[in-house]
Amino acid sequence: KAGVTQTPRYLIKTRGQQVTLSCSPISGHRSVSWYQQTPGQGLQFLFEYFSETQRNKGNFPGRFSGRQFSNSRSEMNVSTLELGDSALYLCASSEGQGQNEQFFGPGTRLTVL
Amino acid sequence: GQNIDQPTEMTATEGAIVQINCTYQTSGFNGLFWYQQHAGEAPTFLSYNVLDGLEEKGRFSSFLSRSKGYSYLLLKELQMKDSASYLCAVRDRDDKIIFGKGTRLHILP
């Protein structure tokens, strides 16, 4: 089985721009979670989707949004980028909601200049 | 607020045993996870505890005390490849997973 894939792997944007990141979960997995990882704050939960519905949302501003499609693929969008948005964005999938084991993708490294 | 504390860095010797502690204060508790993350790679799942006690899986064991809000990850017979960050995470009552900032473990030959 192929693992979780994320595209693109690296991205450079400038302040004020917007960005869309994509995540394809493991085949058969219906739950997708997104995290932001920075050296100072560690891994922080952004949101979780299950069956195209947002189940949970972390404490991030409304500039961060996401969605999930019927094939369980998910996208997250960040609008009006700020320098502080530079981070590794990780996607994790699991078979169902509230499952114990999450499988992480390799992440998208976003740099905002 | 939600808080998970673990040491920032630890150093141990190849072949030895190391214990990485984690304390948490969260809005409810629905389980505790340990993940391993090598530099530049994604986290990989190590263990899950929801009941008090010790869970053993090969060279790795994880312990939980819910009354104390405390867990530890025990790594035995350390190998150089165990050099990595170890992340403690708690699922709260709303099923959100809160991560600690991770413990960077250095293994010396």
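The values are calculated or read from the model by the stated rules, or taken from the named source; none is laboratory data. Bear in mind that the values here come from a model prediction, so they are computed numbers and not experimental data. Counting neighbours? That spans all protein chains shown, and the Cβs are built from the backbone with ideal geometry, glycine included. Heavy atoms of the whole protein, side chains included, go into the accessibility calculation; ligands, DNA and RNA do not. Shrake-Rupley method; radii C 1.70, N 1.55, O 1.52, S 1.80 Å.
Quick check: with the 1.4 Å probe, what order do B:Tyr24, A:Tyr10, B:Tyr48 take by accessible area, largest first? Walk me through the intermediate numbers first.
Details: B:Tyr24 20, A:Tyr10 160, B:Tyr48 50 Å².
Highest to lowest solvent-accessible surface, that is A:Tyr10, B:Tyr48, B:Tyr24.
So which trypsin sites (Lys or Arg not before Pro) in the range A:1-59 are both in a DSSP loop and have at most 15 other Cβ atoms within 10 Å of their Cβ? Please list the in-between numbers first.
On the way: sites: A:Lys1, A:Arg9, A:Lys13, A:Arg15, A:Arg30, A:Arg55, A:Lys57; in loops: A:Lys1, A:Arg9, A:Arg15, A:Arg30.
Here the sparse-neighbourhood loop sites are A:Lys1, A:Arg9, A:Arg15.
Could you tell me which GluC sites (Glu not before Pro) in the range B:18-61 are loop residues by DSSP with no more than 13 other beta carbons within 10 angstrom of their beta carbon?
On the way: sites: B:Glu41, B:Glu55, B:Glu56; in loops: B:Glu41.
Qualifying residues, ordered by number: B:Glu41.
Per residue of the range A:104-111, in order, report the coupling 6.51 cos²θ - 1.76 cosθ + 1.60 (Karplus, θ = phi - 60°) as ³J(HN,Hα) in whole Hz, putting x for Gly and Pro.
Once rounded to whole Hz, the list reads 8, x, x, x, 10, 8, 9, 10.
Could you state the number of Å between the C-alpha centres of the range A:78-98 and the range B:56-98?
With the range B:56-98 and the range A:78-98 each reduced to a Cα centre, they are spaced 23 Å.
Output wanted: per-residue J couplings in Hz (rounded whole) for the range B:85-99, from phi through Karplus 6.51 cos²θ - 1.76 cosθ + 1.60, θ = phi - 60°, x for Gly and Pro.
9, 10, 10, 9, 9, 10, 8, 8, 5, 8, 6, 6, 9, 9, 9
Please state the charge dipole magnitude for chain B, taken about the Cα centre, from unit charges on C-beta atoms (+1 on K and R, -1 on D and E), reported in debye and rounded to the nearest 20.
Result for chain B is approximately 100 debye, rounded to the nearest 20.
Test of the criteria: in the range B:49-109, which trypsin sites (Lys or Arg not before Pro) are in a DSSP loop and have at most 11 other Cβ atoms within 10 angstrom of their Cβ?
On the way: sites: B:Lys57, B:Arg59, B:Arg66, B:Lys68, B:Lys76, B:Lys81, B:Arg91, B:Arg93, B:Lys96, B:Lys101, B:Arg104; in loops: B:Arg59, B:Arg66, B:Lys68, B:Lys76, B:Arg93, B:Lys96, B:Lys101.
When the trypsin sites (Lys or Arg not before Pro) of the range B:49-109 are filtered for loop state and at most 11 Cβ neighbours within 10 Å, B:Lys68, B:Arg93 remain.
Quick check: net charge around A:Arg67, other residues with Cβ under 9 Å of its Cβ, Lys/Arg +1 and Asp/Glu -1?
So the environment of A:Arg67 carries a net charge of -2.
Given the options A:Tyr10, A:Ser33, A:Phe50, identify the residue whose Cα lies farthest towards the positive end of the charge dipole of chain A (+1 on Cβ of Lys, Arg; -1 on Cβ of Asp, Glu).
In chain A, that residue is A:Tyr10.
Show me, for the range A:25-35, the HN-Hα J-couplings you get by feeding each phi into the Karplus relation (A = 6.51, B = -1.76, C = 1.60, θ = phi - 60°), rounded to Hz, glycine and proline as x.
Result, ordered by residue: x, 4, 3, x, 7, 10, 10, 10, 10, 10, 9 Hz.
Please identify which residues in the range A:31-47 have an amide N closer than 11 Å to a label point set 7 Å out from the Cα of B:Gln2, following the Cα→Cβ vector.
The answer is A:44-47, whose backbone nitrogens lie closer than 11 Å to the label point.
Work out the charge dipole of the range B:1-108 with +1 on the Cβ of Lys and Arg and -1 on the Cβ of Asp and Glu about the Cα centre, then indicate which of B:Gly58, B:Tyr70, B:Cys88 is farthest towards its positive end.
After comparing all options, I get B:Tyr70.
So, with +1 on the Cβ of K and R and -1 on the Cβ of D and E, and no other charges, what is the size of the charge dipole of chain A about its Cα centre, to the nearest 20 debye? Each step should come with its number before you reach the end.
Values: 11 positive and 7 negative charges, 42 e Å.
Computed about the Cα centre, the dipole is about 200 debye.
Where does chain A land on Rg(C-alpha)/(2.2 N^0.38 Å)? Before the final figure, lay out each step's value.
On the way: Rg = 13.2 Å, N = 113, 2.2 N^0.38 = 13.3 Å.
Compared with the compact-globule rule of thumb, chain A sits at 0.99.
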